[in-house]
Amino acid sequence: MSALAAISNLAVAYRNAALPALSDVSLEIEAGEILAVIGESGSGKSTFARALIGLLPQRTAISGRIDWPGLDGAPRAGRDIGCVFQDPGSSLNPVLRIGEQVGEGARRHLGLGRRAADAEAVRLIGRVRLPEPERIARAFPHQLSGGQRQRVAIAAAIAARPRLLVADEVTSALDVVVQAAIVDLLVELVRADGMTLVFVTHDLALASGIADRIAVMAAGRLVELGPAAELVAAPKTAATAALVAAHIDLATPPLVGDAP
Ligand SMILES: Nc1ncnc2c1ncn2[C@@H]1O[C@H](COP(=O)(O)OP(=O)(O)O)[C@@H](O)[C@H]1O
Ligand SMILES: [Mg+2]
């Protein structure tokens with residue numbers, strides 16, 4: 001496999017923060033892989049995702065390097081990298097029709113005209129398996145459920161046919177059944193288009209179900225990185241072992257209690 005991105009000694013300190021949010025993070029992201037980034041809340045996952053996308057706030061101190069051997073040149077957010085976040089409401093404009101928002105990336109980055117972009121939006125809405133794509137294209141965000149809005153956000157994120165999709169806690173606000181469907185959809189899209197996926201989550205069960213490799217963050221550091229199955233079966237660090245133990249506790253039925 002070849003590297004899409006090579007990250008070396010990446011460190012990030014937010015303005016006025018007592019401690020760095022990221023310290024000495026080095027890894028390669030392989031082209032076509034699903035890399036899950038897991039860790040407790042505050043461990044630096046979103047900071048890592050934002051650094052990759054190039055979306056850190058101004059006046060954040062950044063050192064180290066991110067090289068993109070798999071791209072020709074520096075990535076353009078929205079074009080080479082698509083992003084989806086926890087709250088699709090934050091990325092969708094409440095007063096614009098869904099179709100317009102989904103077609104935006106194709107208009108801006110692929111040079112499609114208005115009619116072609118509208119048709120492309122309907123195609124993308126169908127691709128994220130929303131029913132009646134024409135009707136959804138004419139709807140506004142508030143007319144959809146949370147899970148449907150997240151599908152729309154995914155459609156918008158892939159509109160410019162990015163090489164990399166960065167998904168940060170995209171299922172955390174959704175109920176479990178919808179979570180599973182959204183994760184299935186992401187995997188299907190990524191595999192079909194040969195995209196690379198960086199899947200950020202605090203949920204090890206979710207991560208291990210889909211990832212080729214898992215990166216474990218703790219206190220701003222990358223503490224473990226390996227093939228998903230190996231890492232879960234034989235954690236090498238206390239941080240990973242703690243995440244695995246928490247997951248086992250949740251998955252194990254209670255000894256005493258009502259049958260479901
Ligand atoms: N915009 C910000 N300004 C200052 N500190 C921040 C900001 N965003 C995150 N942090 C801090 O950086 C650390 C890492 O946060 P984050 O990357 O959001 O972790 P995670 O996504 O794993 O929960 C935390 O201590 C958090 O409080
Ligand atoms: Mg986060």
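The values are calculated or read from the model by the stated rules, or taken from the named source; none is laboratory data. These numbers were taken from a predicted model, which means no experiment stands behind them. In this analysis, Cβ positions are derived from the backbone assuming ideal geometry, glycine residues included, and neighbour counts consider all displayed protein chains. Quick note on the areas: whole protein, heavy atoms, side chains included, nothing else; ligands and nucleic acids left out. Shrake-Rupley method; radii C 1.70, N 1.55, O 1.52, S 1.80 Å.
The rows are residues; the columns are (1) acidic (Asp, Glu); (2) on the phi > 0 side of the Ramachandran plot; (3) within 16 Å of ligand 2 (Cβ to nearest atom); (4) not assigned by TED's automatic domain parsing to the domain that holds residue 236.
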| position | (1), (2), (3), (4) |
| --- | --- |
| 126 | no, no, no, yes |
| 131 | no, no, no, yes |
| 171 | no, no, yes, no |
| 197 | no, no, no, no |
| 206 | no, no, yes, no |
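Condition test on residue 221, is it open to solvent by 60 Å² or more (accessible area, probe 1.4 Å), within 16 Å of ligand 1 (Cβ to nearest atom) and assigned by TED's automatic domain parsing to the domain that holds residue 21?
Here the answer is yes, as residue 221 does meet what is asked.
Return yes when residue 65 is out of contact with any Asp or Glu (no Cβ under 6 Å at 6 or more places or on another chain) and either surrounded by fewer than 19 Cβ atoms within 10 Å (Cβ to Cβ) or assigned to a strand (DSSP E or B) (or both) and no when it is not.
Values: out of contact with any Asp or Glu (no Cβ under 6 Å at 6 or more places or on another chain): yes; either surrounded by fewer than 19 Cβ atoms within 10 Å (Cβ to Cβ) or assigned to a strand (DSSP E or B) (or both): yes.
When the stated conditions are applied, residue 65 passes them.
Just give me the residues in segment 71-122 being within 17 Å of residue 164 (Cβ to Cβ) and in contact with a helix residue (DSSP H, G or I) (Cβ under 7 Å, 6 or more places away or on another chain), in sequence order.
Scanning segment 71-122 gives 77, 78, 79, 81, 82, 83, 84, 85, 91, 105.
Only residues that are in a strand (DSSP E or B) and near ligand 1 (Cβ under 7 Å from one of its atoms): list them for segment 17-60, please.
The one that is in a strand (DSSP E or B) and near ligand 1 (Cβ under 7 Å from one of its atoms): 39.
Looking at (1) within 25 Å of residue 183 (Cα to Cα); (2) surrounded by fewer than 21 Cβ atoms within 10 Å (Cβ to Cβ), which one does residue 81 not meet, given that it meets all the others?
(2)
Quick one: count up the residues across segment 131-184 that are in contact with a Ser or Thr (Cβ under 9 Å, 6 or more places away or on another chain), polar (S, T, N, Q) and not in a helix (DSSP H, G or I).
Within segment 131-184, residues that are in contact with a Ser or Thr (Cβ under 9 Å, 6 or more places away or on another chain), polar (S, T, N, Q) and not in a helix (DSSP H, G or I) number 2.
Is it the case, given these coordinates, that residue 160 is in contact with a strand residue (DSSP E or B) (Cβ under 6 Å, 6 or more places away or on another chain) and touching a residue at least 60 places away in the same chain (Cβ under 8 Å)?
So residue 160 fails the test.
Whether any residue in segment 32-55 is more than 21 Å from residue 227 (Cβ to Cβ), in the same structural domain as residue 193 (by TED's automatic domain parsing), away from ligand 2 (no atom under 16 Å from the Cβ) and open to solvent by 10 Å² or more (accessible area, probe 1.4 Å) is what I want to check.
Yes, segment 32-55 contains a residue that is more than 21 Å from residue 227 (Cβ to Cβ), in the same structural domain as residue 193 (by TED's automatic domain parsing), away from ligand 2 (no atom under 16 Å from the Cβ) and open to solvent by 10 Å² or more (accessible area, probe 1.4 Å).
For segment 185-202, give me each residue that is open to solvent by less than 30 Å² (accessible area, probe 1.4 Å) and outside any helix (DSSP H, G or I).
Matches in segment 185-202: 195, 196, 197, 198, 199, 200, 201.
Somewhere in segment 225-233, is a residue crowded, with 16+ Cβ neighbours inside 10 Å, among the charged types (D, E, K, R) and either at pLDDT 95 or above or under 23 Å from the mean Cα position of the chain (by Cα) (or both)?
Looking through segment 225-233, none of the residues is crowded, with 16+ Cβ neighbours inside 10 Å, among the charged types (D, E, K, R) and either at pLDDT 95 or above or under 23 Å from the mean Cα position of the chain (by Cα) (or both).
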